[in-house]
There are 2 protein chains.
Amino acid sequence: MDVLTAADARAADATLAASRALLGVVARSVVATLDVVSLPQFRVLVVLSSAGPTRMGTVAERMGVIPSTFSRFIDRMVAGGWVERAASPDSRREVLLELTASGRRLVDDVTEHRRADISAILSTMTPDQQSSLQHALQAFADAAGEPQAADLLTLGL
Amino acid sequence: MDVLTAADARAADATLAASRALLGVVARSVVATLDVVSLPQFRVLVVLSSAGPTRMGTVAERMGVIPSTFSRFIDRMVAGGWVERAASPDSRREVLLELTASGRRLVDDVTEHRRADISAILSTMTPDQQSSLQHALQAFADAAGEPQAADLLTLGL
DNA sequence: TACAACAATTGTCTAAGTACACATTACGGA
DNA sequence: TCCGTAATGTGTACTTAGACAATTGTTGTA
């Protein structure tokens, strides 16, 4: 390992350590929902929230489970009132999955919770700090590119 | 909404976007392990990795499960070769839990994976950007205070 | 119009994760 | 030394998650 790589590793460590607080915010927002839905269930809500009504098989595939498992998994979510099965306009053998009002509200609440937490923290920083944070994070997000949806999905994010 | 609030919203948005990128990194590192250990099991490894050998009851409490549940849960992890029960030097009725070499390696691999990902992202940024990112995150961390370990743990962080 | 392929569900089974009640062993103070 | 309490483990039962096989209903095509 040459000098540059070692320095890189230190910088990466420092960045990860500093980012822990940010991760804490996200974790808290999700953890708050775990009383009402499990993490896998929340993942489904997130998928439907971003993709809109989606075929059973498609969501099952995204979740990485086989359709039979998924069907009964969805039974529970329907019973809980988070999602609904709906007829597909394309084909009568397809079943679309969509969020109920409760399901949508849950996802929105998590996002809102997260944003409020972040705002609260930002409000204790000076305008200068806020501005430089904004630019630095923007650069980071650009450098990172879009995260793989499948990866985020695993953690329900 | 006045000007200040709009600026706040922009900073909050940038922070949310960055948190998403960051989560992508973290999630990807954890996802890679889920073939061999479940998320609850990985959480135990994380606890032991940071706290060292720890009493059964203490870890059970951190995991939020009752001791009887935890005992059999640990049976499975012992069978998997990830942790070991060890006699406590303090008291013969206490049982310490510690990582095996495999367990430690698994956690280390995840950490290393995560560090490498961050390094890769940082390497596409200018040194100036890297430095300001680190300082900005540090400022955020200072403003946020210590994240609740329990929240992070839920996601295996 | 048959028939093969497809989408979802149901039948059956296994294992993980969880709780509650109880048993076992070990400590520690009266 | 005795006895209450603490730490862990067992017996039992339930839910969730997952797989594979078989079934039902639908589509599309030879």
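Values as computed for the structure displayed
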{"quantity": "Pair B:Glu112, A:Ala9: separation of 7 Å Cα→Cβ label points (nm)", "calculated": "0.9 nm"}
{"quantity": "Cα-centre dipole for the protein assembly as shown with unit charges at Cβ (Lys and Arg positive, Asp and Glu negative), debye to 20", "calculated": "1120 debye"}
{"quantity": "Normalised contact order of chain B, rounded percent, pairs of Cα under 8 Å and 6 or more residues apart", "calculated": "28 percent"}
{"quantity": "Stokes-Einstein D (µm²/s) once Rh is taken as the Kirkwood radius of region A:21-157 over alpha-carbon pairs, at 10 °C in 1.306 mPa s", "calculated": "95 µm²/s"}
{"quantity": "Distance between region A:12-77 and region B:86-118 - C-alpha centres, whole angstrom", "calculated": "27 Å"}
{"quantity": "Exposure proxy ranking, count of Cβ atoms within 10 Å, fewest first, for B:Arg92, B:Arg76", "calculated": "B:Arg92, B:Arg76"}
{"quantity": "Computed lengthening from A:His135 to A:Ser38, 0.36 nm per intervening residue step minus Cα-Cα distance", "calculated": "31.4 nm"}
{"quantity": "Other-copy label distances relative to B:Glu146, 7 angstrom Cα-Cβ extension, nm", "calculated": "3.9"}
{"quantity": "Point-to-point label distance, B:Val95-B:Asp128, nm (Cα→Cβ direction, 7 Å offset)", "calculated": "5.9 nm"}
{"quantity": "Residue order, fewest to most surrounding Cβ atoms within 10 angstrom, among B:Asp75, B:Asp35, B:Asp142", "calculated": "B:Asp35, B:Asp75, B:Asp142"}
{"quantity": "Shortest-first distances to equivalent copies, position B:Thr124, nm, label 7 Å out along Cβ", "calculated": "3.3"}
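Computed from the coordinates by the stated procedures, all read-outs in this text should not be read as laboratory data. Because the structure is predicted, anything quoted here is derived from the model rather than measured. Glycine gets a Cβ as well: all are built from the backbone with ideal geometry, and neighbour counts include every protein chain shown.
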